[in-house]
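Data first, discussion second: the structure below is written as structure tokens.
The values are calculated or read from the model by the stated rules, or taken from the named source; none is laboratory data. This structure is a prediction, so every number in the text was calculated from the model and none was measured. Virtual Cβ from ideal backbone geometry, glycine too; neighbours counted across all protein chains shown.
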Amino acid sequence: MNPIRVIVIDDSAFMRKVISDLLTSDPRIEVIATARNGQDGLEKIKQLNPDVVTLDIHMPVMDGITALKELMQSHPTPVVMLSSATEDASFKTIQAISSGAVDFIAKPSGAISIDIATMKQEIIDKVVTASQVSLPLQQKEIVKQPSTLVKQTNPAVKHKQTIVAIGTSTGGPRALEHIIQRLPKNLAASVLVVQHMPAGFTKSLAQRLNQKAALLVKEAEDGELLENGVIYIAPGGFHMKVKQVGTSLFIDLTTEAALRGHRPSVDMLFTSLAQVKEVNKIAVVLTGMGNDGANGIKELKKMDQHTYVIAESEETAIVYGMPKAAVRTNYVNKQAPLGEMSNLITNLV
């Protein structure tokens, strides 16, 4: 098997060296070049045609966002962004993911992270995953093909209240943007979203989605009452659950231990929703690595067989891990491409 050929672009010589050393410690990866800014990086990418690029956001001459946009136009390549968790950087990171980057790594301590080595496995995993993504991502969501029915049940609206719960990971911000900006303003449901992301980035995600959507999109707050027509994004670093008091439903944010490496966890949201009575439930699993959400789907269906489960189809999923794990439970009612998702959700509600 050929090694994954990587170019590391960062304005700090220290960071270039550390990231290169971390990546090359894995026998699957070869760092073929480094670059000190976006312009230098673009030239090397054109010459060397790497499999994956790691790209810092803040750089002189040409920053990471500008370089990413040019790269996606001229030479689409899987990109993993490196970002500090400042408000400005986190907003730019979400912008980068929406502009075609596969994923990002939050540097643990600002622009020059002396403790970046603590993230060795995360950096390696994200580069390996990025190498398996087919580009250009822009074309993936245009695919229109018939959606696959796995197991059809009649999703008759039985109750007054409806909750749509969405879980996603790698590639999620772009998928969410595609769906959320096409949902109608008068949607008669609350929408709860778990996107795997560290603290500090989910707020920027909510702000960006809110700019694009007819509905209100916000980062969820502990104890708030669920309302129709509002999309609640689980804050990074917290599990988001639904708590029922009488007929009212509230958000319950907890700092319980990460579940199989995730906090927020899709399984945690789905499992809490399984306990809620007299509510119509729609569970959606979008693009992402791993199998988060699969156990929660089993709980939802065990407690209420009328729960309607949708998984993104392989044709449009940037990473088909989470939807595939959902389908393997045999509880998915429908597999649908991204282009059909918002209509499907709207019709079910």
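Of all residues in segment 271-322, those being acidic (Asp, Glu), farther than 25 Å from Leu249 by Cβ and surrounded by 24 or more Cβ atoms within 10 Å (Cβ to Cβ) number 1.
A count restricted to segment 277-297 and to residues that are more than 18 Å from Leu344 (Cα to Cα) and part of a loop (DSSP other than H, G, I, E, B) stands at 8.
Looking only at residues of segment 85-108 that are assigned to a loop (DSSP other than H, G, I, E, B) and within 24 Å of Ile29 (Cα to Cα), we find that the one that is modelled with the lowest pLDDT is Pro108. The single condition from (1) touching a residue at least 40 places away in the same chain (Cβ under 8 Å); (2) surrounded by 18 or more Cβ atoms within 10 Å (Cβ to Cβ) that Leu48 fails is (2).
In the set (1) crowded, with 21+ Cβ neighbours inside 10 Å; (2) assigned to a helix (DSSP H, G or I), the condition left unmet by Ala325 is number (1).
Of all residues in segment 197-222, those satisfying the criterion of being modelled with pLDDT of 95 or more, in a loop (DSSP other than H, G, I, E, B) and closer than 23 Å to Asp267 by Cα are Ala220, Glu221, Asp222. Residues that are at negative phi, in a loop (DSSP other than H, G, I, E, B), loosely packed, with under 14 Cβ neighbours inside 10 Å and modelled with pLDDT of 90 or more occur in segment 2-20; there is at least one.
Can you find a residue that is part of a strand (DSSP E or B) and either modelled with pLDDT under 95 or in the same structural domain as Thr129 (by TED's automatic domain parsing) (or both) anywhere in segment 57-74? No, there is no match, as no residue in segment 57-74 is part of a strand (DSSP E or B) and either modelled with pLDDT under 95 or in the same structural domain as Thr129 (by TED's automatic domain parsing) (or both). Touching a helix residue (DSSP H, G or I) at 6+ places or on another chain (Cβ under 8 Å) and more than 24 Å from Met289 (Cα to Cα): does that describe Lys203? No: the conditions fail for Lys203. Is there a residue being of a type in the set (D, E, K, R), surrounded by 22 or more Cβ atoms within 10 Å (Cβ to Cβ), modelled with pLDDT of 90 or more and under 26 Å from the mean Cα position of the chain (by Cα) anywhere in segment 22-36? Checking segment 22-36: not a single residue is of a type in the set (D, E, K, R), surrounded by 22 or more Cβ atoms within 10 Å (Cβ to Cβ), modelled with pLDDT of 90 or more and under 26 Å from the mean Cα position of the chain (by Cα). A Cβ distance below 6 Å, combined with a sequence gap of six or more or placement on separate chains, defines the contacts here; from segment 1-15, residues that are more than 10 Å from Val31 (Cβ to Cβ) reach residues that are of a type in the set (Gly, Ala, Ser) and surrounded by 16 or more Cβ atoms within 10 Å (Cβ to Cβ) in the pairs Ile9/Ala35; Ile9/Gly41. Could you identify the single residue in Ser20, Ser25, Ser90 that is touching a residue at least 60 places away in the same chain (Cβ under 8 Å), out of contact with any Asp or Glu (no Cβ under 9 Å at 6 or more places or on another chain) and within 16 Å of Asp125 (Cα to Cα)? Result of the check over Ser20, Ser25, Ser90: Ser25.
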